[in-house]
């Protein structure tokens, strides 16, 4: 609304279909990981950043900035997709896995 774009124009800027964009606006769809960075650039801030310096938030910010899925980042780091998702949702992960992730992010 602030940008005075139609939904179609906004969808085009994000390179998504009009139906997909409408789903974002109505909270029926959440952008896929590879789209989140474009959404952040479009709205002018990181919607998914909770402002903390927790490992979960650092990891999520990194993935969004790099436009990577959890599986893609897990492959790069050498851990499973589930490990990435567990850290981001702050479900128990071993200290060893946390150390590996923290070392990668530094």
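The values are calculated or read from the model by the stated rules, or taken from the named source; none is laboratory data. Everything numeric in this text was worked out from a predicted model, so none of it was measured. A quick note on method: Cβ atoms are made from the backbone with ideal geometry, for glycine too, and the neighbour counts reach across all protein chains shown.
Summary table
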quantity: Tally of residues being in contact (Cβ under 8 Å) with a residue 24 or more places away in the chain and under 8 Å from the mean Cα position of the chain (by Cα) across segment 36-50; calculated: 2
quantity: Considering residues of segment 73-106 that are part of a loop (DSSP other than H, G, I, E, B) and under 12 Å from residue 59 (Cα atoms) only, the residue farthest from the chain's Cα centre (by Cα); calculated: 106
quantity: Test for residue 65: is it surrounded by fewer than 17 Cβ atoms within 10 Å (Cβ to Cβ) and touching a residue at least 12 places away in the same chain (Cβ under 8 Å); calculated: yes
quantity: Qualifying residues in segment 1-24 (those that are more than 24 Å from residue 61 (Cα to Cα) and not in a helix (DSSP H, G or I)) - the one nearest to the chain's Cα centre (by Cα); calculated: 17
quantity: Residue check, residue 53 touching a residue at least 12 places away in the same chain (Cβ under 8 Å) and more than 9 Å from the chain's Cα centre (by Cα); calculated: no
quantity: Test: residue in segment 35-43 that is modelled with pLDDT of 80 or more and assigned to a loop (DSSP other than H, G, I, E, B); calculated: no
quantity: Selection status of residue 27, part of a helix (DSSP H, G or I) and either surrounded by 12 or more Cβ atoms within 10 Å (Cβ to Cβ) or not assigned by TED's automatic domain parsing to the domain that holds residue 67 (or both); calculated: no
